[in-house]
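Chemist: This is the structure I have questions about; it appears just below.
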Amino acid sequence: MGETINDVIVIGSGPVGLFAALLLGRRGLNVTVYERWTKHYPLPRACGIDHEIVRQLQGAQLMDEMAPLLDPVIGPDKTYEFVDRMGDTLLRIDWNRPGRSGWPQMNMFYQPDFEHVLVRRIERMPNVSLRYGRELVGLRQSADDVELRLAVTDDPGIVEMDRARYVIGADGARSTVRTLAGIPQTDLGFAYDWLVVDVVPMQARVWKPYVVQHCDPARPATLVGSGPGRRRWEFMRLPGETAEELNTAGKVWELLAPWGMTPETATLERHAIYTFRGCWADRWQEGRLLLAGDAAHLMPPFLGQGLCSGMRDAMALAWRLPMVLRGEAPASLLRSYGPERSAHVQEIIEQAVALGRVICTLDPAEAAQRDAAMKAALAHPGAAPKPPPEPQLGQSGIVRHGDPHGGYLSVQGRVRYKGKVGLFDDVAGPGWQLLHRGASAEAFTGAAQDVIDRLGIIVATFGADGDTADLDGTYEGWFDGLNADAILVRPDFYVFGTSASRRDRSDLVTEVWMSLQGGA
Ligand SMILES: Cc1cc2nc3c(=O)[nH]c(=O)nc-3n(C[C@H](O)[C@H](O)[C@H](O)COP(=O)(O)OP(=O)(O)OC[C@H]3O[C@@H](n4cnc5c(N)ncnc54)[C@H](O)[C@@H]3O)c2cc1C
């Protein structure tokens, strides 16, 4: 057992565990990550991250390395469509646009590249250790800490112990932390096996649509970009077909042939079977144990949101845990984590499952009916599908009570802030942000100014007398749309609340403090 107790132990070195460790390490906590594999074993699964996640990478100062690894879904050819068995369009999903976070709505990437960037950064941090070949097998919580039992993978007779104030279970779908904590899951009963195939075509080619769901009842399939120069195919396993029959190189080439992919034109990187499911943990906290990522939620990948949701979990923990561990907020602050995040991710899971039910239709008559209904909807003016509703954080969390805008994602635009030009977080800084217009910062009460100082809230004043110029009208449109004069944004980019008048602005600030302290 180490002499010094860890602030946080993270179980699992998947992308969510690594990102959580990096963020907590950047905030000065002592963190150890334990991974059961003896070395980093990255397999690509996620192939897209949305604008919000790119803003997270920006805030974590990873974009210098990550930017060349992203393939933004922007441009006339880069559509996302559902098509019928003949290739006729059934539905268009609007990914091909700038996102509200200042980055393209969707960005394709190769997951192992991302994990390597995270590992390299963590290895440079003296306060974060990454220990491979250690599998969590048991734990015991006390009032002050958690004691963990870790089996040494290469030497099954040896069990090591370690302790931490808090444990993050980022240990994937079959989470040991979740099991040891006795946390049940809600399962939507959606479960289909899909063969996932990663390919590097030898010649560059324009893929149109760029992302496509082939809603062919004979074999539903997905085709998607998976980072610069790469393509991913996913094929549903059919009833009566075994996983062993489907998951062979011979079968893979047979399935790829209609797209002109052969051993002469492409390199097959890997093929594997995954079960796509829709479920979430009923609780995300048990005392000092917290769940994040696939340990807390699983969804079919049709919206490209599984990893994105896990990254949001990491962000939501990364500002709460340092506050609690430094005594700036009571431990009860952590109780807001699960309900907030769970409500948000449930909306996404339900949408992904609904799309999955459309895609996974195997009955030809049912598929024909579906196609006719979807084509009619597509042809009808005004019936064009709207972008899916934006999910909102659960309202029992750190959001201003009664504020309809609390718990929604904020925006990021280009500004001139105190003479510097760029995206807001780059020039003003990520963290707590109070954006307001029309009146100078002196208008805060003493109590509000005290909260601003304690939380290090970045105050940006838009308007003629302000220190911040809104270069593209992003913020003006946002203030107007919310009918707000001030917007208080949390470090994970979600809106705490808004105020419509100068008088209310100070109350907005003091209320966030009360909310963090467990009051109001
Ligand atoms: C085919 C497919 C396509 C997808 N596409 C997308 C997409 O486009 N966009 C998107 O956002 N998401 C997508 N996802 C989802 C995304 O890949 C996952 O949500 C994400 O990788 C989960 O990361 P994680 O860190 O939570 O878990 P994992 O990556 O599963 O990591 C968990 C880690 O914990 C370790 N571990 C487990 N138990 C223990 C233990 N007892 N002790 C120590 N270590 C342990 C494991 O070895 C593993 O390394 C897709 C998923 C699939 C299957």
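Chemist: Cβ-Cβ below 6 Å, separation at least six or inter-chain, first residue in segment 109-134 and on the phi > 0 side of the Ramachandran plot, second open to solvent by 10 Å² or more (accessible area, probe 1.4 Å): which pairs?
Modeler: So the pair list comes out as GLY133/THR38; GLY133/THR153; GLY133/ASP154.
Conditions tested, residue by residue: (1) exposed (fewer than 15 other Cβ atoms within 10 Å of the Cβ); (2) away from the ligand (no atom under 15 Å from the Cβ); (3) part of a loop (DSSP other than H, G, I, E, B).
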{"residue": "MET311", "(1), (2), (3)": "no, no, no"}
{"residue": "MET315", "(1), (2), (3)": "no, no, no"}
{"residue": "ALA318", "(1), (2), (3)": "no, no, no"}
{"residue": "VAL324", "(1), (2), (3)": "no, yes, no"}
{"residue": "SER336", "(1), (2), (3)": "no, yes, no"}
{"residue": "LEU362", "(1), (2), (3)": "no, yes, yes"}
{"residue": "ALA376", "(1), (2), (3)": "yes, yes, no"}
{"residue": "GLU390", "(1), (2), (3)": "yes, yes, yes"}
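Chemist: If the requirement is being farther than 30 Å from ASP371 by Cα, modelled with pLDDT of 95 or more and open to solvent by 10 Å² or more (accessible area, probe 1.4 Å), which of these qualifies: ILE183, ILE168?
Modeler: Numbers: ILE168 fails: open to solvent by 10 Å² or more (accessible area, probe 1.4 Å).
Only one candidate passes the filter, namely ILE183.
Chemist: Another question, then. How about segment 218-254: which of its residues are open to solvent by less than 20 Å² (accessible area, probe 1.4 Å) and either away from the ligand (no atom under 13 Å from the Cβ) or closer than 16 Å to LYS78 by Cβ (or both)?
Modeler: In the first step, residues of segment 218-254 are kept if they are open to solvent by less than 20 Å² (accessible area, probe 1.4 Å); the result is 220-227, 231-236, 246, 252.
PRO220, THR222, LEU223, VAL224, GLY225, SER226, GLY227, ARG231, ARG232, LEU246, VAL252, listed by residue number.
Chemist: Would you say TYR34 is in contact (Cβ under 8 Å) with a residue 40 or more places away in the chain, within 9 Å of the ligand (Cβ to nearest atom) and either out of contact with any helix residue (DSSP H, G or I) (no Cβ under 6 Å at 6 or more places or on another chain) or assigned to a loop (DSSP other than H, G, I, E, B) (or both)?
Modeler: Numbers: in contact (Cβ under 8 Å) with a residue 40 or more places away in the chain: yes; within 9 Å of the ligand (Cβ to nearest atom): yes; either out of contact with any helix residue (DSSP H, G or I) (no Cβ under 6 Å at 6 or more places or on another chain) or assigned to a loop (DSSP other than H, G, I, E, B) (or both): yes.
Against the criterion (in contact (Cβ under 8 Å) with a residue 40 or more places away in the chain, within 9 Å of the ligand (Cβ to nearest atom) and either out of contact with any helix residue (DSSP H, G or I) (no Cβ under 6 Å at 6 or more places or on another chain) or assigned to a loop (DSSP other than H, G, I, E, B) (or both)), TYR34 qualifies.
Chemist: I would also like to ask the following. For segment 44-51, indicate whether the set of residues that are open to solvent by 30 Å² or more (accessible area, probe 1.4 Å) and either out of contact with any strand residue (DSSP E or B) (no Cβ under 6 Å at 6 or more places or on another chain) or in a strand (DSSP E or B) (or both) is non-empty. Walk me through it before giving the result.
Modeler: Going residue by residue through segment 44-51, those that are open to solvent by 30 Å² or more (accessible area, probe 1.4 Å) are 45.
Then keep just the ones that are either out of contact with any strand residue (DSSP E or B) (no Cβ under 6 Å at 6 or more places or on another chain) or in a strand (DSSP E or B) (or both); that gives 45.
Yes, segment 44-51 contains at least one residue that is open to solvent by 30 Å² or more (accessible area, probe 1.4 Å) and either out of contact with any strand residue (DSSP E or B) (no Cβ under 6 Å at 6 or more places or on another chain) or in a strand (DSSP E or B) (or both).
Chemist: Could you list, in sequence order, the residues of segment 293-309 that are part of a loop (DSSP other than H, G, I, E, B) and more than 7 Å from the ligand (Cβ to nearest atom)?
Modeler: The first filter runs over segment 293-309 and keeps only residues part of a loop (DSSP other than H, G, I, E, B), leaving 296, 299-300, 304-305.
Passing the criteria: ALA296, MET299, PRO300.
Chemist: Please find, among GLY75, GLY25, the residue that is more than 15 Å from the ligand (Cβ to nearest atom), farther than 14 Å from GLY310 by Cβ and buried (at least 22 other Cβ atoms within 10 Å of the Cβ).
Modeler: Numbers: GLY75 fails: buried (at least 22 other Cβ atoms within 10 Å of the Cβ).
Every option except GLY25 fails the conditions.
Chemist: Just wondering, is there one or more residues in segment 94-103 that are within 16 Å of the ligand (Cβ to nearest atom), open to solvent by less than 10 Å² (accessible area, probe 1.4 Å) and either in contact with a Ser or Thr (Cβ under 7 Å, 6 or more places away or on another chain) or more than 30 Å from LYS375 (Cα to Cα) (or both)?
Modeler: Within segment 94-103 (the criterion being within 16 Å of the ligand (Cβ to nearest atom), open to solvent by less than 10 Å² (accessible area, probe 1.4 Å) and either in contact with a Ser or Thr (Cβ under 7 Å, 6 or more places away or on another chain) or more than 30 Å from LYS375 (Cα to Cα) (or both)), the answer is yes, since at least one residue qualifies.
Chemist: Which residue, of MET86, MET63, is under 30 Å from ALA377 (Cα atoms) and free of Cβ contacts under 8 Å to residues at least 12 places away in the same chain? Before the answer, list the steps.
Modeler: On the way: MET63 fails: under 30 Å from ALA377 (Cα atoms).
Being under 30 Å from ALA377 (Cα atoms) and free of Cβ contacts under 8 Å to residues at least 12 places away in the same chain holds for just one of MET86, MET63, which is MET86.
Chemist: List pairs: first residue in segment 478-489 and open to solvent by 10 Å² or more (accessible area, probe 1.4 Å), second residue hydroxyl-bearing (Ser, Thr, Tyr) anywhere in the structure, Cβ distance under 7 angstrom, at least six positions apart or on different chains.
Modeler: Hits for this filter: LEU482/THR498; ASP485/SER499; ASP485/SER501.
The values are calculated or read from the model by the stated rules, or taken from the named source; none is laboratory data. All values reported here derive from a predicted model rather than from experimental measurement. Using ideal geometry, Cβ is built from the backbone for each residue, glycine included, and neighbour counts are taken over all protein chains shown. To get the accessible areas, we keep the full protein, side chains included, count just its heavy atoms, and leave off ligands, DNA and RNA. Shrake-Rupley method; radii C 1.70, N 1.55, O 1.52, S 1.80 Å.
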